[in-house]
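One structure follows; several queries about it will come next.
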Amino acid sequence: MSKALGWTAILIGLGTVGIALMAYQLGLDNDPGWGRGRVMLLVFGLVCLSGGGLLWHWRRLAPLAARIDQSLSGGYQRLARSQPAGWIAAIGRQITRFPLLATRERRARLVTLLMGDFVLLGLVWYFSAGWMTRFFPYPHTYYDRQAQAFLHGQLHLLDVPDARLLQLDNPYDFASREGMPVLWDVSFYQSRFYLYWGPTPALLLALVKLAVRRVIEDQALVIAFSLGIGWLLVWIAYRLWRQANRRVSLVYLLVIPAAMGLNIYLLWSSGRPGVYEAALLGGQFFLLLGLLALIRWGAARSPETGWLGLAGAACALALGSRPTLVLSAAWLLGMVAWRSAALSPGKYGAPLRPLAAFAAPLLLGGMLLMIYNAARFGSPFESGIAYQLGIPAYPPDPAWTFSPAYLLPNLYNYLLRPPLFEPSFPFVSIAFIAETNIPSIIRVPAHYLFHESQVGSLVVFPLLGVIPLGCLVLGAALRQDARRAGLREALVDWAASPQRWILVSLLGCGLLQGLLILLYFFSALRFQLDSVLLLALAGWVMILWFDGALAARPWLAALFRAIIVGAALYGLLLALLAGFGAGEQRFEHHNPQLFNWLAGWFETWRTR
């Protein structure tokens, strides 16, 4: 296994170093000099070559590694027996005398409750610009308009198009309708306005409007979904911790759930709580709700179909909020079929019941969504994107909307683009994408759009960095199991393991959604909500897995925990600082006194 991984790392390193050295000659870089992109490629290639060389010669290095491991283990044990460590242990024993903290499970629940409250308070603090008791108007009422239309028994909006728009030969040409008073970024079909966003949030809002007779801004949905997501992330993290080895440290629960619940992608919506964010966050809320139900089903000693029915219904609602989540829904359908078959080997009818429990509400929701589309646009697969009155830079040919040509610039923007570090408060900001900011080694294709702020997830959310390593270990473990018992038996064993099954489920959903936006012509920070939260949970499972595997080597486990906790704290700090300038910088606009006080306090602290 080490030689295979070594060869893989060496080949990747050789290819990367070769591209870095010959980029200009190969026509990949318009500049013969060494820019930031080529330097990063060279460093990455050298790291891969070094790591591959170590893996290739691992057998020769194993005795030396064993002696180093023995020496470090001895030092760790001496440290654990030292007087300061004894004092800390004594304090811990005193704390556990309290009934609320008497057991490990009680301590974990208390920590989870505290972290959940911390995340909710943090989200409210940013959405309310620090006021906590008041929110400020935001001129997006799209879902309220759709809810009003539903309450009036129609699918199109009540807004009447301008007469000049009806007279245009091609109303979808931005230049021809420029200056006309039309609704921005809606669908226009057969002289009527429609929303191309999913109907689920509007249906929920219609129920609320039966009792609340007033206009409800889209930010109300954004805030509600954000709070729900924040709490779900913390609670799912706790449920996954319970599934893991009970020796896994509680320290993780003190930091990582907070870093996931207060990530920059959720906080960014506080500065731009519009209809786009309501659709995105609605999809993620219901998808996470479905995943929580699947986790409960997977962990139950006698799996019940009720959890599967709830999961299927939640995924259907997610699909109704964000139709592109059909990729995640299809993947989870396959995961349920895989586990159901593994739990009932040789019984051909037994897997059908749990599969039907999940698939029935999901397929019903999908059919209703297709009927909804067909009733509006004459096609079950048309949500209104083709009739969009939106941005002027939309590709003229629909075939250019998704293309592998966008892969390289999107990989850089979504994974590696750094934020701006500044000497004054809030010290971190996320700038708009500009073509000059993309490394010259990456050629930007035609129709690629630079329109919004963007930052790389590996830079501001470094916990995701565990995923590539985890995928390599995951693949190696599956290969080893397949060699020992055969591929079929290995797949059955993996499906029967709740931890491995949910990890594959989360990874598949996150990677599929991530691949979709990597091929899209338009890069935006908000699009990453479709994949980042899922991948963060997958990374959390990997962290728990690694921590349990390192239990036999305490010094290595301690080092791993320090790295992970440090990465989580770094990501949390960056998100909290960047949150002050999120979106349209509403925090400073609506609470300049608090913003200026914080700026002054940090400046005084920095200059001491």
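The values are calculated or read from the model by the stated rules, or taken from the named source; none is laboratory data. No experiment lies behind these values; they were computed from the predicted model shown. Here Cβ is always computed from backbone atoms with ideal geometry, including for glycine, and neighbour counts include all displayed protein chains. Surface areas here come from the heavy atoms of the whole protein model, side chains and all, with no ligands, DNA or RNA. Shrake-Rupley method; radii C 1.70, N 1.55, O 1.52, S 1.80 Å.
When you scan region 558-575, how many residues do you find that are more than 16 Å from L420 (Cβ to Cβ) and in contact (Cβ under 8 Å) with a residue 40 or more places away in the chain?
Result for region 558-575: 10.
How many residues does region 363-392 hold that are open to solvent by 50 Å² or more (accessible area, probe 1.4 Å) and closer than 29 Å to R443 by Cα?
Residues meeting the conditions: 3.
Counting only residues that are over 18 Å from T141 (Cα atoms), open to solvent by less than 60 Å² (accessible area, probe 1.4 Å) and of a type outside the set (K, R), which one in region 175-213 is modelled with the highest pLDDT?
Taking the candidates together, the pick is Y189.
Then there's this: For region 314-342, give me each residue that is closer than 16 Å to T200 by Cβ, more than 16 Å from the chain's Cα centre (by Cα), touching a residue at least 40 places away in the same chain (Cβ under 8 Å) and open to solvent by less than 40 Å² (accessible area, probe 1.4 Å).
Once the filter is applied, which keeps residues that are closer than 16 Å to T200 by Cβ, more than 16 Å from the chain's Cα centre (by Cα), touching a residue at least 40 places away in the same chain (Cβ under 8 Å) and open to solvent by less than 40 Å² (accessible area, probe 1.4 Å), region 314-342 yields C315, A316, L319, G320, S321.
Right, another one. I'm told A549 meets every condition in (1) closer than 30 Å to V248 by Cα; (2) touching a Lys or Arg at 6+ places or on another chain (Cβ under 9 Å); (3) open to solvent by 30 Å² or more (accessible area, probe 1.4 Å) except one. Can you identify the failing condition by its number?
Result: A549 passes all but (2).
Go over the candidates S457, S424, S440 one by one and state the one that is under 19 Å from N263 (Cβ atoms) and in contact (Cβ under 8 Å) with a residue 40 or more places away in the chain.
S457
Same structure again: When you scan region 384-406, how many residues do you find that are under 24 Å from the mean Cα position of the chain (by Cα) and in a loop (DSSP other than H, G, I, E, B)?
Residues flagged as under 24 Å from the mean Cα position of the chain (by Cα) and in a loop (DSSP other than H, G, I, E, B) within region 384-406 amount to 2.
Based on this model, can you work out whether D493 counts as of a type in the set (D, E), more than 28 Å from A329 (Cβ to Cβ) and more than 24 Å from the chain's Cα centre (by Cα)?
When the stated conditions are applied, D493 does not pass them.
Please work out which one of (1) free of Cβ contacts under 8 Å to residues at least 12 places away in the same chain; (2) in contact with a Leu (Cβ under 7 Å, 6 or more places away or on another chain) is the condition A552 fails and give its number.
For A552, the exception is condition (2).
Another question, if that's okay. Just to check your reading of the model, which residue among Y265, Y238, Y252 is crowded, with 24+ Cβ neighbours inside 10 Å, within 22 Å of G116 (Cβ to Cβ) and at pLDDT below 95?
Sole residue among the options that is crowded, with 24+ Cβ neighbours inside 10 Å, within 22 Å of G116 (Cβ to Cβ) and at pLDDT below 95: Y265.
Given (1) closer than 29 Å to Y194 by Cβ; (2) touching a residue at least 24 places away in the same chain (Cβ under 8 Å), identify the lone condition not met by S429.
The one condition S429 does not meet is (1).
Tell me, which residue of region 585-606 that is surrounded by 12 or more Cβ atoms within 10 Å (Cβ to Cβ) and of a type in the set (A, V, I, L, M, F, W, C) is nearest to P137 (Cα to Cα)?
So the residue we want is F587.
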